[in-house]
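Heads up, the thing below is written out as structure tokens.
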Ligand code: FES
């Protein structure tokens, strides 16, 4: 391929990328795009105090891990194989969780996540529901782990 053709292809790719970003900003707004492009708390914690994996109605999955000191969430990470909106929702959900008590975190709702992002188009609201459901599942996992730790062990046959 000649240098001119390579340059033409590069220019075409850059223009296409700019056009996609322009459309995404118009559809989602700056805050959602910021959380999508620079997700906060992305990844997973080693030896977490709680974890959850939830697959949403669209077939995409989100994972959340929590570190809890006392009854306070001091660290959390998330990943997802979902869409841009799911990444933004997971990102803002982890921001909502940090520093919260488990009791307060258990009340995290789809609406809170949507409000924190400044809203999403109707067709993407289920992505916020996926994030809220994953948060709820992680809180339930923490409760189940706590129960197992505090329950007296039964010996076989008792
Ligand atoms: Fe599946 Fe957004 S999480 S489409």
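None of the figures in this text is laboratory data; all of them are computed from the coordinates on show. In this text, all values refer to a predicted model and were calculated from it rather than measured experimentally. Cβ atoms come from the backbone with ideal geometry, glycine included; neighbour counts cover every protein chain shown.
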(request) Could you run the Debye sum over the Cα atoms of the stretch 1-59, one equal point scatterer each and no solvent, and tell me log10 of I(q)/I(0) at q = 0.30 Å⁻¹, two decimals? (result) -1.11
(request) For the stretch 32-149, just list the percent of Cα-Cα distances falling in each 5 Å bin from zero outward, please. (result) 2, 14, 26, 26, 18, 9, 4, 1, 0
(request) Please determine, in degrees from 0 to 90 and to the nearest 10, the orientation of helix 84-97 with respect to the longest principal axis defined by the Cα atoms of the chain, where the helix direction is its Cα long axis. (result) 40
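Could you grab the relative contact order for the chain? Cα pairs under 8 Å, six or more apart, rounded to a whole percent. If you can, show how the numbers build up before the last one.
Details: 230 pairs, mean separation 36.9, N = 158.
The normalised contact order for the chain reaches 23 percent.
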(request) With everything on Cα atoms, drop me the angle between helix 3-28 and the longest principal axis of the chain, reported from 0 to 90° to the nearest 10. (result) 50
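Which peptide among 15-24, 88-97, 101-110, 56-65 comes first, and what is the full order, when sorted by highest mean count of other Cβ atoms within 10 Å?
Per-residue Cβ counts within 10 Å, averaged per peptide and sorted highest first, yield 88-97, 56-65, 101-110, 15-24.
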(message) Helix-only estimate, please: 222 nm mean residue ellipticity of the chain, summing -39500 (n - 2.57) across DSSP H runs of length 4 or more and dividing by its residues, to the nearest 500.
(response) -17500 deg cm²/dmol
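Sorted by average packing, counted as other Cβ atoms within 10 angstrom per residue and highest first, what order do 67-80, 31-44, 1-14 take? Don't skip to the end; give the middle numbers.
Numbers: 67-80: 17.9, 31-44: 16.4, 1-14: 9.4.
So the order, starting with the most tightly packed, is 67-80, 31-44, 1-14.
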